[in-house]
Structure formats: C-alpha cells, structure tokens
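Written below as structure tokens is the structure these notes are about.
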Amino acid sequence: MPGEETQPRSRDPGSDLRIGLECGRVNLSGGPRGPEEANEESGTSPQHPVPGPFGDAAVARRRADELRLPRLRFRKGLWERPGSRRAKMAEAAESPGEPGTTSPRPLFAGLSDISISQDIPVEGEITIPMRSRIREFDSSTLNESVQNTIMRDLKAVGKKFMHVLYPRKSNTLLRDWDLWGPLVLCVTLALMLQRGSADSENDGGPQFAEVFVIIWFGAVTITLNSKLLGGNISFFQSLCVLGYCILPLTVALLVCRLVLLAKPGPINFIVRLFVVIMMFAWSIVASTAFLADSQPPNRKALAVYPVFLFYFVISWMILTFTP
Amino acid sequence: MAAVDDLQFEEFGDVATSLAANPDATTINIEGPGETPKRLGPPRGSGREEDDELLGNDDSDKTELLAGQKKSSPFWTFEYYQTFFDVDTYQVFDRIKGSLLPIPGKNFVRLYIRSNPDLYGPFWICATLVFAIAISGNLSNFLIHLGEKTYHYVPEFRKVSIAATIIYAYAWLVPFALWGFLLWRNSKVMNIVSYSFLEIVCVYGYSLFIYIPTAILWIIPQKAVRWILVMMALGISGSVLAMTFWPAVREDNRRVALATIVTIVLLHTLLSVGCLAYFFDAPEVDHLPTTAVVPNQTVVAAKSS
C-alpha cells in the first residue's frame with residue numbers, strides 16, 4: 001500500500017502542477033474508506049472515532065499512521081475517467097515543472113478544473129493544506145537536504161521572473177502563484193527609493209513606508225477593482241502578477257542609479273527617461289498579458305487602466321529619484 | 001389578463017391625453033429621441049418639460065424596474081458592492097463625455113446615470129486627479145526654477161498625500177453634506193426630484209474629470225493661461241453641477257435654492273483655486289532666473305579668469 005501510494009508520485013514528473021486527492025487514490029484500490037481517514041488526516045478529530053466500514057476507528061487510525069497518508073488535496077484531473085486522466089497526466093508531465101521534485105502547492109489552483117465523474121465517490125473534507133504539513137507527510141521531500149528545499153523555491157521564483165521578462169500567454173504565474181518575488185522586489189524598490197535620514201527637508205522623496213504602502217495597497221486596490229468589475233481571477237493570483245511585473249521597473253531603477261553616478265546633465269536625464277519609459281511599457285505589456293484574459297470582454301479597459309496608473313506612479317517615483 | 005396587458009409596451013400618444021383619460025396612472029413616456037421636440041409642444045410650463053425629461057428616455061422603464069431588483073444582497077456580501085461596479089467601458093466613456101459637454105436642459109443624472117450609479121468613475125477619476133495634480137505641480141515647479149543655481153530639485157512626495165486627502169474629502173464629504181441638506185429640505189418642501197447619495201457622489205466624481213487635463217495644462221508657467229484654464233474648467237463642471245441640482249431645489253424657497261446652487265459652485269471654485277495656489281508655484285519667479293543667471297555667470301567668469 002505505501003509503495004503503491006508513493007510510486008505514482010515519483011512517476012509523475014509534472015506532479016507539482018497537480019494536487020491530488022491522495023486518499024481517493026488509495027481508495028480506488030482498497031475500497032471505500034474515505035471518511036474516517038479523511039477525519040484522521042485533518043487532525044481535527046483524533047478524539048472522535050468515526051465509525052466506518054471497518055467498524056473500528058482505532059484500526060483505521062493505525063493504518064492511516066502507518067500509511068503516512070498525506071493531507072487531502074485536490075488533484076486536477078483525478079476525477080475524470082482513467083483514460084483521459086492518463087492523457088492529462090502525460091500532458092502535465094510535459095508542462096514546465098521541476099522533474100522529480102515538487103514545488104509549493106498553489107492554494108485552490110486546481111479547484112476550478114475538477115470535474116467529478118460518477119464512479120469515484122467524492123469523500124473527504126476540504127481543508128487548506130499548510131505547506132509544512134505537506135512536506136511532513138510527503139516522504140519524497142522529507143529526507144532531502146535543506147539546499148534542495150531552498151533551491152526548489154528559488155527556482156520557482158526565478159522561473160516566474162523569466163516569465164515576466166519574456167511575457168507569453170502562459171499560466172505558470174497564475175497557477176503556482178507565490179508572493180516571494182513581489183516581496184523581494186517591493187523591499188528592493190522601497191530601500192532604494194527612500195530618502196536618507198540625513199535629508200533634513202520635509203519635502204523630499206518618499207519614505208520606505210510610503211513606497212511600500214503605495215505598492216501593496218495599490219496592488220490590493222487594483223485586485224479589488226478587477227474582482228468588483230466581475231473578473232474571475234483570484235485575489236492572490238492577481239497580487240502575484242502585479243508584484244512580479246514590477247521587475248522591469250526595478251531593473252530601470254538599478255540602471256538609473258548607475259547612470260546617476262555619471263555627470264548630471266540633460267543627456268543623463270534623457271537616458272534615464274528613455275530607460276524608464278521602456279521598462280514602464282514592458283511592465284504594462286507583461287501584466288496585461290497575464291491579467292487581461294480574466295476580465296469580461298466589455299470591461300477590459302476599465303480593469304487595465306488602474307494597472308497603467310499604478311505603474312505610471314512607480315515610474316514617476318523612479319524617474320524623479322535623486323540620491 | 002389585465003396583468004399581461006399591463007406588461008405590454010403600448011404607445012401613448014400624448015402625456016396630456018392619457019393623463020386626462022386616467023388621471024391616477026403613472027405615465028412613463030417611451031418615445032424615441034426623434035420625437036422629443038414634438039413632445040415639448042402644447043401645454044408645457046417651463047417646469048414640466050424638465051420633469052418629463054427627468055422621467056427619462058427610452059429605456060427608463062426598464063431601468064426603473066431593474067433598479068428595484070438590483071441591490072438585493074445584504075451589505076456584508078461582496079455581491080452588494082459589485083452592483084456599484086456594474087458599468088461597461090462605453091458607459092463610463094459616455095458619462096465622462098456628459099460631464100465635459102453640459103447641455104442646458106439635460107440633466108446629467110437622468111441622462112447618463114439613470115439609476116445605475118457606479119463607484120468606478122468617482123474613485124478612479126479622483127485617484128488620477130490626485131496624481132495629476134501632484135505630478136504636474138512638481139513638474140511645473142521644476143520648470144519654473146530650472147535656471148536657478150540655488151534650486152535643488154526635490155520630488156515633494158508629501159504633497160501626494162495632501163492632494164489625496166483634499167480631493168477625496170471633497171468628492172465624498174461635500175456630496176454627503178449636500179445629500180443631507182437635500183433630504184432635510186425634502187422633508188419640508190415636496191420636491192419632485194430627489195437624488196440618492198450615490199448619484200450625488202457620481203455627479204461630483206465625474207464633474208471632477210475636467211480638472212485632469214486642466215492640471216496637466218497648468219504646467220505652462222503663464223499666469224494668464226492658468227487663470228483662463230481655471231475659468232473654463234470651473235465653467236464646465238460648475239454648470240454640470242448647477243444644472244443637475246437646480247431641479248432638486250427649484251420647488252423650494254427661491255432664496256434657499258439660489259443659496260444652495262451658489263454654495264455648490266463656490267465650493268467648486270475653492271477647490272480649483274486652492275489646488276492651483278498650493279501645488280503650483282507662482283510663475284513670476286521666472287523673471288528671476290534670467291536676471292539671476294547673468295550676474296552669476298559674470299561672477300563665475302570673473303572668478304575663473
């Protein structure tokens with residue numbers, strides 16, 4: 001049983017893209033005993049033995065322990081018929097994913113793709129899996145070195161940076177969203193844009209907190225706006241996209257910083273203006289490529305305009321930055 | 001059967017005749033826009049035509065029905081707030097166009113808003129205006145002081161927060177006060193026209209749109225140009241506001257009505273002139289760079305030689 005349960009995962013190189021109802025997989029071979037195992041795994045009711053088909057909940061608990069079953073997750077494509085499921089697994093295996101390792105599971109990412117077929121009972125409870133618990137039960141990542149764990153996350157973040165720099169219509173940014181990239185970019189921007197404490201004037205550049213608040217509250221406002229207009233993108237997916245698309249502007253800030261080391265003058269300013277305008281356009285194109293599809297077609301302009309305003313304000317802060 | 005007949009859209013020849021036939025019925029005129037001049041023919045006082053217009057255009061019937069069904073979710077659900085963003089791109093453009101071209105006799109609220117007030121326009125127009133004023137002010141100050149040797153450019157970021165406070169306070173508190181005032185007057189004098197709070201917020205928000213290009217044009221450092229722009233913007237948006245609120249206070253005591261309209265326009269003036277004075281430095285200073293630079297250059301030349 002344990003082998004049966006772990007083997008399929010190592011067979012799937014693209015397993016980072018699919019999260020599965022592990023309990024359901026075991027049940028397919030072992031008969032219906034979803035309920036009490038689901039209850040056991042949720043961790044909420046170890047003291048409430050649920051009578052199940054086996055009759056003895058203690059037995060079920062022991063079996064659950066020795067199987068080291070993971071938490072319930074939803075696997076996209078699991079609930080379809082076996083033929084199409086295999087086809088989808090093959091297709092998912094080719095899509096970008098780290099071979100042999102699992103990257104952080106997206107929350108609710110596969111939920112919209114679930115189609116429930118008649119022959120597989122839908123059991124278990126929907127709990128939000130915490131990532132550390134997944135790793136705990138996931139024996140393929142439990143014994144790996146710390147370097148592997150960290151490198152996996154770093155590679156995921158780096159992959160998303162690449163997607164921003166070469167924007168294609170891919171779903172990676174939306175599916176496996178994370179907020180590491182936006183946090184790093186936002187902190188970098190705020191650290192570099194803040195005026196020094198030695199500056200005695202009241203009117204100067206923004207403080208660290210002002211930049212931070214503008215970026216995060218700007219992103220939250222844009223996300224709320226797009227959801228209120230009827231867009232079907234999730235809150236954190238949108239935050240992820242908006243945050244990652246600040247990358248070109250951060251590059252522009254670094255370039256401006258370097259250019260400002262040279263002699264000040266109109267040529268200096270024109271070079272900086274050109275760089276900032278280019279990166280601003282790049283950010284807009286990148287974020288629109290990811291976000292535009294999620295809006296209803298007659299409101300696309302209404303949803304894209306705030307993104308334009310957001311990046312314009314950040315570009316302005318970068319352009320007027322004087323050390 | 002009677003219920004089915006009521007739901008059929010019939011052509012009513014004339015409001016006066018149908019009112020004569022059935023004086024108790026509410027009549028809503030659904031004629032097309034081409035027939036409007038004919039409608040304004042016989043017995044119309046100066047007040048009645050505006051009332052007929054206020055009763056709406058072709059699909060006001062539908063929108064009145066829909067308005068009743070729309071906001072049915074409780075206020076703690078997300079869907080409740082989605083009803084305030086139920087506008088399409090072309091509708092927002094139409095409303096902006098309506099605020100830029102005030103036509104005498106056309107009421108902005110009835111013509112464009114039509115029981116579908118949105119919060120998208122007011123919110124994002126105010127946000128754009130905040131940044132337009134702050135950025136233009138910064139740019140204009142930079143251009144004015146460009147030649148001065150003692151001038152060190154600062155981005156003046158603090159002004160963004162000040163601008164935001166002023167504009168959002170104006171766009172939300174003044175409508176709130178006006179709505180409260182109209183409600184109070186309505187309890188004393190029966191007015192035909194009354195606006196909901198969101199409709200007033202909508203009118204104010206869209207009327208601020210004219211200030212966005214005005215703020216950008218204020219970069220030009222000529223006093224005359226700036227004051228002409230103020231007059232134009234004030235004229236357009238002030239007339240939109242005045243024409244919107246005149247029907248609401250018309251039935252009231254003459255002096256109260258006039259005072260209300262004058263206060264509305266005065267507050268609008270205060271906003272625009274205040275923004276101009278605070279965010280944009282006076283351009284007389286640009287005489288100085290030409291006179292200040294010359295002695296500096298001679299001093300520098302003297303020192304280097």
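Bear in mind that the values in this text are calculations on the coordinates, not laboratory data. Values in this document were obtained by computation on a predicted structure and should not be read as measured data. A quick note on method: Cβ atoms are made from the backbone with ideal geometry, for glycine too, and the neighbour counts reach across all protein chains shown.
Values for this structure:
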read-out	value
Residues of the range B:217-236 with amide N under 15 Å of the 7 Å Cα→Cβ point at B:L139	B:217-222
Within the range A:140-170, trypsin sites (Lys or Arg not before Pro) in DSSP loop having at most 12 other beta-carbon neighbours inside 10 Å	A:R168, A:K169
Charge dipole of the range B:75-281 about the Cα centre (unit charges at C-beta), most positive-ward option of B:W227, B:N138, B:Y153	B:W227
Shielding score for A:243-256, defined as the mean number of other chain Cβ atoms within 10 Å	0
Length gained when the stretch B:A177-B:Y278 is fully extended (0.36 nm per residue, less Cα-Cα span)	33.9 nm
Highest average packing first - B:262-271, A:178-187, A:259-268, Cβ atoms within 10 Å	A:178-187, B:262-271, A:259-268
Packing rank of B:181-188, B:192-199, where each peptide gets the mean count of other beta carbons within 10 Å, highest leading	B:192-199, B:181-188
Debye equation applied to the C-alpha atoms of the range B:75-281, log10 I(q)/I(0) at 0.09, 0.15, 0.18 Å⁻¹	-0.38, -0.96, -1.26
In nm, spacing of pseudo-spin labels at B:I216 and A:A209 (7 Å Cα→C-beta vector)	3.4
For the range B:237-254, Karplus couplings with θ = phi - 60° (6.51, -1.76, 1.60), whole Hz, Gly/Pro x	6, x, 5, 4, 5, 5, 5, 6, 9, 4, x, 7, 10, 4, 6, 7, 3, 4
